[in-house]
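What follows is calculated from the coordinates using simple rules that are stated; it is not laboratory data. Bear in mind the structure is a predicted one, so any value in this text is a computation, not a measurement. Glycine also receives a Cβ, built like all others from the backbone with ideal geometry; neighbour counts cover every protein chain displayed.
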Amino acid sequence: MKVIATYLLAVLSGNTNPTAEDLKAILSSVGAEADDSKIELLLSQVKGRDLVELIAAGREKLASVPSGGSVVVASGGAAAVTEKEEEKKVEEKEESDEEDFVLDIFG
């Protein structure tokens, strides 16, 4: 990730075609170690490509990555899992409301 961030920093600073040496210089300026194989891999993958297009393609890929946690599908399907989660939230809220009520009486 630091190699990608270094590449982006180089491009954003005006160097539209940073070399491996440019990236190594940036990394060494902040005391980070440069991994030659990762730098070469990144440069080979971005060579001749527009940064805006790369970012757009990355966003599309990230949009397809699930980020809500895992879902267990039981015999009732995902709808049953969702119902149980909603029931649990309602129960927790009711318990929370009861505690608030007791505290208000004696407060």
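Quick notes on this one:
- The residues in region 19-45 that are exposed (fewer than 12 other Cβ atoms within 10 Å of the Cβ) and in a loop (DSSP other than H, G, I, E, B) can be counted, and the count is 3.
- Members of region 46-63 that are loosely packed, with under 10 Cβ neighbours inside 10 Å and under 12 Å from Tyr7 (Cβ atoms): Lys47
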